[in-house]
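Everything on this sheet refers to the single structure shown next.
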Amino acid sequence: MAETLNIDQIRADFPVLHQQVNKAPLIYFDNAATTQKPKAVIDALSAYYEQDNANIHRGIHTLAERATTAYELTRKKLAAFLNAPSTDQIIFTSGTTAGINLVAQTFGRANVGKGDQIIVSNLEHHSNIVPWQMIAEEKGAEIKVIPVSDAGVLDIEAYKALLNPKVKLVAVNHVSNAIGTINPIVEIISLAHEVGAKVLIDGAQSVAHLAVDVQALDMDFFVFSAHKLFGPTGVGVLYGKRDLLESMPPYQGGGEMIKEVRFAGTTYNELPYKFEAGTPNIADVIAFGAALDYVQAIPSEALAAQEEALLAYATAKLQKIPGLRIVGTAPEKIAVISFVIDGVHPQDIGVLLDKFGIAIRTGHHCAQPLMQRYELVGTCRASFAFYNTFEEIDRFVLCLEKTLQMLG
Amino acid sequence: MGQPINEIQEELIEEFGLFEDWADKYEYLIDLGKKLAPMSDAFKTEDNVIKGCQSRVWLHAEKQGDLVVFQADSEAIIVKGMISMLIRVLSNHTPAEILAADLYFIEQIGMSQHLAQTRSNGLVSMVKQMQHYALAFS
């Protein structure tokens, strides 16, 4: 029998969950958009500004040293979290989108040429489509798309058929933000490597739910955001293989990323600083360290079991609602349920559920090509975290039924 | 001469004042949406669409004598309810009246959140577009 979580105790760690919204207790089911922050993260943020605030890496005074140590400690924690071979391969960005753009503008610009191909999937968030379209347009390269089944599963046979030596990069998410499918990244990566293509995995939706070992998975690039992992907004991580990161040209120029600046020419700093121009988001990186500590202190099997149970419970209850159809029924999925209801616009459901104090996401989830594939204007998406409860699901389903009566 | 804009606004405020519960207010709003005069399909063109992030709004305007007459529709019923009220308040007025209108009823009936969600429903753009039409017709 696996250990179970003490949900009341966990919920006590998240101040935001204890409030009334529109005179009803808040139910937060929009965790795929951003997760809530435990008190430890909020405290780390204010402690930093109250006690240690200084610019990092260059100052020789005590505060600068404290801030630098704390900032670099998060990098160490991340290297351990991802099982990266070294801290130098952990690059701080402002988020997943920034990480993808960094790779597109450096690796992409240096390695993608006229007639080359970049493969994305039909499940991608716009942030893992548009940066590649931009570089493809600039270089005269082509974007190819891995199709997705009605259930929301990528067609691996079609992917195999797309692979050829012209493919320079495959950019796929680990987990779909819109419908929760867990993609077979082990297979996707190894197949890409067979034709010499590199792979970027967008981990925005996976890091809070699945363990990621970048070495075991043979990742070339892995990007994610702190705010979807119980950390602050404005911090992201790019992991890359050392040889790739070293061979990539710098992205933004400025302070920190240089070794020596002369008007005759500038030499660049080493990894990871080559890609971290300017004063970084010191406070939020430090607070992200507290988020990593928090989430790693929860037994991962118990966490996964709680999320799995929430998903199964909510799926069974929702399926009983007449006219409701779940979009995305992949056998492997995280605790995300996207659904549509016959004759009802998702936005109307979202507006009324909010009046009941329930936060879900409605719309196209920044995945318009996927909505086009399913011929939908959008869906309602309930996404769970380990601090959600079965009672919340009960009330959500009850309020959804009331909502449908009102709209009926 | 039609009913003055502020008189219609006061009527709406009074109608919504009958409901204490948010759910009753929304049921009334949904009902207004359902009763909105259907928009002619001929006007539901790409040119008339106002794109919101989540739902589309169509707006058509024409001048009948001195007055501007609006027709509109949306995919979402709550937005349609809002549209129905905006048309009731602004349609069949002169361009000058429309341009001078201060739509205070929306806040008074507790529906300002629908005009704050600028990206999601296209209502803010719709109000602007109604004023643009009034300006063009003036």
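Anything in the stretch A:60-102 that is part of a loop (DSSP other than H, G, I, E, B), within 24 Å of A:E50 (Cα to Cα) and in contact with a strand residue (DSSP E or B) (Cβ under 9 Å, 6 or more places away or on another chain)? List them, or say none.
A:S94
Please state which one of B:A72, B:A61, B:A42, B:A96 is in a strand (DSSP E or B), farther than 25 Å from A:L352 by Cβ and of a type outside the set (K, R).
Answer to the selection: B:A61.
Of everything in the stretch A:346-359, what is within 13 Å of chain B (Cβ to nearest Cβ) and farther than 20 Å from B:D24 by Cα? Give them in sequence order.
Across the stretch A:346-359, the qualifying residue is only A:P346.
Tell me, which strands (runs of 3 or more DSSP E) wholly within the stretch A:209-277 include 1 or more residues that are closer than 29 Å to A:Q296 by Cβ and either in the same structural domain as A:S383 (by TED's automatic domain parsing) or under 15 Å from the mean Cα position of the chain (by Cα) (or both)?
Those strands (runs of 3 or more DSSP E) span A:221-225, A:236-240.
Yes/no matrix, rows are residues, columns are (1) in contact with a Lys or Arg (Cβ under 8 Å, 6 or more places away or on another chain); (2) not β-branched (V, I, T):
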{"site": "A:I286", "(1), (2)": "no, no"}
{"site": "A:D293", "(1), (2)": "yes, yes"}
{"site": "A:S300", "(1), (2)": "no, yes"}
{"site": "A:Q306", "(1), (2)": "no, yes"}
{"site": "A:A309", "(1), (2)": "no, yes"}
{"site": "A:Y313", "(1), (2)": "no, yes"}
{"site": "A:A316", "(1), (2)": "no, yes"}
{"site": "A:D342", "(1), (2)": "yes, yes"}
{"site": "A:H345", "(1), (2)": "no, yes"}
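Name the residues in the stretch B:82-93 that are assigned to a helix (DSSP H, G or I) and of a type in the set (S, T, N, Q), would you?
Within the stretch B:82-93, just B:S84 meets the criteria.
As an exercise: evaluate A:T362 against (1) part of a helix (DSSP H, G or I); (2) within 14 Å of another protein chain (Cβ to nearest Cβ); (3) of a type in the set (V, I, T) and give the number of the one condition it does not meet.
Of everything listed in (1) part of a helix (DSSP H, G or I); (2) within 14 Å of another protein chain (Cβ to nearest Cβ); (3) of a type in the set (V, I, T), A:T362 misses just condition (1).
When only residues in the stretch A:209-257 that are β-branched (V, I, T) and closer than 19 Å to A:E276 by Cα count, which is surrounded by the most Cβ atoms within 10 Å (Cβ to Cβ)?
For the stretch A:209-257, the residue satisfying everything is A:V223.
Going through the stretch A:139-149 one residue at a time, which ones are touching a residue at least 24 places away in the same chain (Cβ under 8 Å) and either part of a loop (DSSP other than H, G, I, E, B) or under 12 Å from A:L123 (Cα atoms) (or both)?
If the condition is that a residue be touching a residue at least 24 places away in the same chain (Cβ under 8 Å) and either part of a loop (DSSP other than H, G, I, E, B) or under 12 Å from A:L123 (Cα atoms) (or both), then A:G140, A:A141, A:V145, A:I146, A:P147, A:V148 are the ones that fit.
Considering each of A:I119, A:I91, A:I60 in turn, give the residue that is at pLDDT 95 or above and out of contact with any Phe, Trp or Tyr (no Cβ under 7 Å at 6 or more places or on another chain).
When all the criteria are applied, what remains is A:I119.
Could we say that B:V79 is in a strand (DSSP E or B), in contact with a Gly (Cβ under 9 Å, 6 or more places away or on another chain), crowded, with 23+ Cβ neighbours inside 10 Å and modelled with pLDDT under 95 here?
Criteria not met by B:V79.
The values are calculated or read from the model by the stated rules, or taken from the named source; none is laboratory data. Keep in mind that what you see is a predicted model, and the values were worked out from it rather than measured. FYI the Cβ positions are ideal-geometry reconstructions off the backbone, even for glycines, and counts take in every protein chain you see.
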